[in-house]
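> Just passing along the structure, written as structure tokens.
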Amino acid sequence: MDSIHHLVVGAGPVGSTAAVRLAELGHRVTVLSRSGGGPAHEGINLVAGDATDIDTLVGLLDGSGALVNAANPAYHRWPRDWPPLHHALCAAAERSGALLVVMDNLYAYGAGAAMPMREDSPLNPTGRKGAVRAAMATTLMAAHAEGRLRAALVRASDFYGPQVRTSAYAERVVPRLISGKKVAMLGALDVPHSISYMPDVAATIAAVITTPAAAGRTWLVPNAPAVTQRQVVEAFARAAGTVAKVSAVPRIAITLGGLAVPLFRELKETWYQFAEPWTTDSAVTERELGLRATPLAEGAAATVDWWRASGSVGN
């Protein structure tokens, strides 16, 4: 075996960025997705397949490395799509001996969680998406504790950065700011909100995989100090050389939009994350994994550069 081999499930921003990060560390990586797409890199093999097929997963694992759950089912289909996928990944990890690293979010902490959220904050989901995530995390850590598999959780807040197109801080914001247009943000403009830079997400996943003591634990992606949504928009505008023009989307607009658009219906459940402070403390991750968050100004500049290079600005 010439190097450690990892299987990354999902070719979206998390899967692609993490795969490249691992390949740059000299590891062999296979990216599995339904389309067979993913990043072009000599150390990465792209495979099309069904991640709910346990035999497919096991066949792509050689036991030397990790199995990374970077999948992202459609937002409104989480209760239906996540359970069979999670079951298959857990079964594959159990059969192969691979470390299962699950990319997670903060939904399981729920509305009313004490701020800032930490790795050991209690899970108290207040919606069906948070309940799905809490159930996944609970069963995963129980299986690890019972010795049936090896696993770890990596939790991040809302994504931004290169390759991130579908996020509260992506296609509705950055391209419009680059074009000098006004943007509308969910919730309140002037309460603090932690956001996660995609390369920092990938760095955390790679660090968890390459640190033996990281198994069996939850890790929070290091985030730059929380600022308000207005300040996030201003950071993107400064990077773009434009002036920030921002307003808040009223909640009634989400309610009415939900009558016709599935995504809007789902946003009602997570409205609290944008209307109230939503912050993290990743001191444990930073100390034990040796990571540091990318400053917002630096991340915003790289994000603006990526959007400009993508050819999507003004479309």
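> Around H6, under 12 Å between beta carbons, what's the net of Lys plus Arg minus Asp minus Glu among the other residues?
+1
> I would also like to ask the following. Within segment 57-144, which chymotrypsin sites (Phe, Trp or Tyr not before Pro) sit in a loop by DSSP and count at most 10 neighbouring Cβ atoms inside 10 Å?
none
> What relative contact order, as a whole-number percentage, does segment 137-205 give when Cα pairs under 8 Å and 6 or more residues apart are counted?
RCO, segment 137-205: 33 percent.
> Counting only C-alpha contacts under 8 Å and six or more residues apart, can you give the relative contact order of the chain as a whole percent?
17
> Moving on. Per the 1.4 Å probe, what fraction of the accessible area of segment 75-213, in percent, lies on carbon and sulfur atoms?
Summing carbon and sulfur atoms, their accessible area is 56 percent of the total for segment 75-213.
> For segment 46-196, I need the span (max minus min coordinate) of the C-alpha atoms along each principal axis, in Å, sorted largest to smallest.
Result, largest extent first: 52, 37, 27 Å.
> Using modelled amide H (1.01 Å from N, peptide plane; none on Pro or chain starts), what sits under 5 Å from the amide H of V249, excluding residues fewer than 5 places away?
Here the answer is M185, L186, G187, since their amide H atoms fall under 5 Å of that of V249.
> Here is a follow-up. Relative to 2.2 N^0.38 Å, what does the C-alpha radius of gyration of segment 8-89 come to as a ratio? Two decimals please.
Numbers: Rg = 12.3 Å, N = 82, 2.2 N^0.38 = 11.7 Å.
The reported ratio for this selection is 1.05.
> Using a Debye calculation, one point per C-alpha and no hydration shell, please list log10 I(q)/I(0) for segment 121-245 at q = 0.22 Å⁻¹ in order.
So the normalised log intensities work out to -1.28.
> Could I ask something else about it? Could you tally the net charge around H193, taking each other residue with its Cβ under 11 Å from the Cβ of H193, Lys/Arg +1 and Asp/Glu -1?
-2
> Rolling a 1.4 Å sphere over the protein heavy atoms, what is the accessible area per residue of the chain, to the nearest Å²?
It amounts to 42 Å² per residue over the chain.
> Could you run the Karplus curve 6.51 cos²θ - 1.76 cosθ + 1.60 with θ = phi - 60° over segment 46-55 and give me ³J(HN,Hα) per residue in whole Hz, x for Gly and Pro?
9, 10, 9, x, 9, 6, 8, 8, 4, 4
> In addition: Summing -39500 (n - 2.57) over the DSSP H runs of n ≥ 4 in the chain and dividing by its residue number, what mean residue ellipticity at 222 nm do you reach, to the nearest 500 deg cm²/dmol?
For the chain, the value works out to -12000 deg cm²/dmol.
> From the phi of every residue in segment 16-23, what ³J(HN,Hα) in whole Hz does the Karplus formula 6.51 cos²θ - 1.76 cosθ + 1.60 yield, where θ is phi - 60° and glycine or proline is x?
5, 5, 5, 4, 5, 4, 5, 5
> Okay, moving on. Suppose a student asked you for the relative contact order of segment 1-147, using Cα pairs under 8 Å spaced at least 6 residues apart; what percent would you report?
On the way: 249 pairs, mean separation 28.7, N = 147.
After rounding, I find 20 percent.
> How many percent of Cα pairs in the chain exceed 37 Å?
In whole percent, the long-distance tail amounts to 13.
> Within a Cβ distance under 13 Å of L57, other residues only, what is the Lys/Arg minus Asp/Glu net charge?
-4
> Still on this model: Hey, got a sec? Which trypsin sites (Lys or Arg not before Pro) in segment 19-62 land in a DSSP loop and have at most 15 other Cβ atoms within 10 Å?
Values: sites: R21, R28, R34; in loops: R34.
Of the trypsin sites (Lys or Arg not before Pro), the ones in loops of segment 19-62 whose Cβ has at most 15 other Cβ atoms within 10 Å are R34.
> So, in nm, how far is label K268 from label E119 when the simple model puts each one 7 Å beyond its Cα toward the Cβ?
Label-label distance for K268 and E119, simple model: 3.8 nm.
> What ³J(HN,Hα) values, in whole Hz, does the Karplus curve 6.51 cos²θ - 1.76 cosθ + 1.60 give for segment 121-134 when θ = phi - 60°, with x put for Gly and Pro?
The phi angles translate into 5, x, 7, 8, x, 10, x, 5, 5, x, 5, 4, 5, 5 Hz.
The values are calculated or read from the model by the stated rules, or taken from the named source; none is laboratory data. Just so we're clear, the structure is a prediction, and the values are computed from it rather than from any experiment. Backbone-built Cβ (ideal geometry, glycine too); neighbour counts: all protein chains shown. Only protein heavy atoms, including side chains, enter the accessible area calculation; ligands, DNA and RNA are left aside. Shrake-Rupley method; radii C 1.70, N 1.55, O 1.52, S 1.80 Å.
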